[in-house]
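Quick notes on the structure that follows.
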């Protein structure tokens with residue numbers, strides 16, 4: 001890992017596109033950002049950040065982005081089409097993690113009561129029948145229907161129908177902290193899980209995982 005930007009305590013973070021990030025949280029030592037920082041944006045892969053809205057007001061612990069909107073939870077679930085003007089949404093749970101389909105129509109949220117799903121951009125929500133207790137969820141970049149989830153115990157699951165059903169794949173050791181997935185359309189689904197001790201990557205859709213070499217281990221687990 002190599003530091004590329006200022007040091008801040010980013011409680012919420014999401015990737016909106018190539019080199020395009022949104023984040024929220026608290027300023028680090030020497031930062032001139034307000035506390036909380038509200039919604040901030042980077043267009044250069046995290047090297048510099050711009051204040052967009054709700055500075056001094058919102059600490060979004062969960063964020064998701066799509067071509068339609070930014071979705072954030074700061075005690076209230078909020079959505080914004082431009083990152084500056086926000087509309088409150090009603091949700092049946094307190095979201096721990098959020099993810100959105102690329103077009104923003106389907107949203108998934110995890111909670112201590114189980115995951116919930118919206119198919120109308122967050123206007124209405126419903127529990128997902130027979131879904132596992134997911135800790136983290138992430139939409140797979142480059143797809144409209146594939147999402148990845150991980151349980152508190154490190155079990156990785158894949159959904160290929162936009163979060164309606166889930167299939168178990170491999171498992172990672174340690175406590176999951178962050179999750180992402182992507183595909184370039186040629187060599188399958190890649191999954192990355194950050195745990196409390198390392199960064200685990202899978203090139204085969206979450207079936208097997210190996211630690212990044214920089215993390216000090218190279219053995220695969222399944």
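Within the stretch 86-114, the set of residues being surrounded by fewer than 24 Cβ atoms within 10 Å (Cβ to Cβ) and outside any loop (DSSP other than H, G, I, E, B) comprises 87, 88, 89. Taking the listed residues 31, 24, 42, 53, the one that is in contact with a strand residue (DSSP E or B) (Cβ under 8 Å, 6 or more places away or on another chain), surrounded by 15 or more Cβ atoms within 10 Å (Cβ to Cβ) and modelled with pLDDT under 95 is 31, with no other qualifying.
Of everything in the stretch 175-216 that is at pLDDT below 90 and more than 19 Å from residue 2 (Cβ to Cβ), the residue that is surrounded by the most Cβ atoms within 10 Å (Cβ to Cβ) is 183. When the stretch 152-172 is examined, which residues are found to be in contact (Cβ under 8 Å) with a residue 24 or more places away in the chain and buried (at least 17 other Cβ atoms within 10 Å of the Cβ)? Residues satisfying the conditions are 154, 156, 157, 158, 162, 163, 166, 169, 170, 171, 172.
Scanning the stretch 53-80 for residues that are over 13 Å from residue 25 (Cα atoms) and either more than 18 Å from the chain's Cα centre (by Cα) or assigned to a strand (DSSP E or B) (or both) returns 64, 65, 70, 71, 77, 78, 79, 80.
The values are calculated or read from the model by the stated rules, or taken from the named source; none is laboratory data. Because the structure is a prediction, the values reported are computed rather than measured. Reconstructed Cβ throughout: ideal geometry from the backbone, glycine too, with neighbour counts over all protein chains shown.
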